Amino acid sequence: MLFRSRLVESARGMRVHDICGAFKRTLVLSVEGEAVSYTHTVDQLASLTGQLSQVAFGKKHMVALTRSGDVFTLGDGSLGQLGHGSTEASSEPQLVKALQGRSIAQVCCGETHCLALSASGDVYTWGQGVDGQLGLGEGSVALVPRYVRALHGSPVKMIAAGGAHSADRKSVV
């Protein structure tokens, strides 16, 4: 099967800030902080319109970063991937309180886990960690964001996640 790229006419002229795609979803964030999806509805993010800086998708959850550095999650929380201290789902964005005041600069998701990178280079992870993807040296679930001590003293510049793994790029001095 041959796939061809195509121009999404409805996005023509849009001032794009970021593009996010994963798990059969694609979303574009405008410079004005509005989320526009071309594959599913994003009505759940309406309360954050004008504030969004980044959005990432897990298999059944989302994480959203605002321009002020606050992190919100929603969707399935059965493996702690929402970071609210429980395994409950949320249909509306909820603030991840454990990250408040940490000046978060980037977020990303794996299938059932999340990562957050602070402006100072600290990494926080939460969700399912049975394959070691949280970097916490355990094979368990973290219901709230936890600081990745293994990276202490070596500021991280960028984070990424796949289905059951995570990666970081260190600052080069």
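Heavy-atom accessible surface of the stretch 121-161, averaged per residue, reaches 49 Å², computed with a 1.4 Å probe. Among residues other than Asp131 with Cβ under 12 Å from its Cβ, the summed charge is -2 (Lys and Arg +1, Asp and Glu -1). Note on Ala160 and Asp131: the extension gain reaches 8.9 nm, defined as 0.36 nm multiplied by sequence separation minus the Cα-Cα distance.
As a rough guide to protection, the peptides 150-156, 53-59, 130-136, 90-96 ranked by mean Cβ packing within 10 Å, highest first, stand as 53-59, 130-136, 90-96, 150-156.
The C-alpha atoms of the stretch 65-163 occupy a region whose extents along the principal axes are 35, 32, 20 Å, arranged from largest to smallest. Which net charge results for the neighbourhood of His165, defined as the other residues with beta-carbon distances under 10 angstrom from its beta-carbon, given Lys and Arg at +1 and Asp and Glu at -1? Spelling it out: positives minus negatives among the neighbours equals -2.
For His61, the residues 5 or more places off, or on other chains, whose built amide H falls under 5 Å of its own are Asp76.
If R0 is 30 Å, the Cβ-Cβ spacing of Ala89 and Arg67 corresponds to a FRET efficiency of close to 0.70. Here the Karplus curve 6.51 cos²θ - 1.76 cosθ + 1.60, taken at θ = phi - 60°, turns the phi angles of the stretch 65-72 into couplings of 10, 8, 4, 7, x, 8, 10, 10 Hz, with x standing for Gly and Pro.
Here the accessible area is traced with a 1.4 Å probe on the protein chains. For the stretch 59-126, carbon and sulfur cover 43 percent of it.
The values are calculated or read from the model by the stated rules, or taken from the named source; none is laboratory data. A quick note: this is a predicted structure, and the numbers were derived from the prediction, not measured. Reconstructed Cβ throughout: ideal geometry from the backbone, glycine too, with neighbour counts over all protein chains shown. Side chains are part of the model used for accessible areas, which takes the heavy atoms of the whole protein and leaves out ligands, DNA and RNA. Shrake-Rupley method; radii C 1.70, N 1.55, O 1.52, S 1.80 Å.
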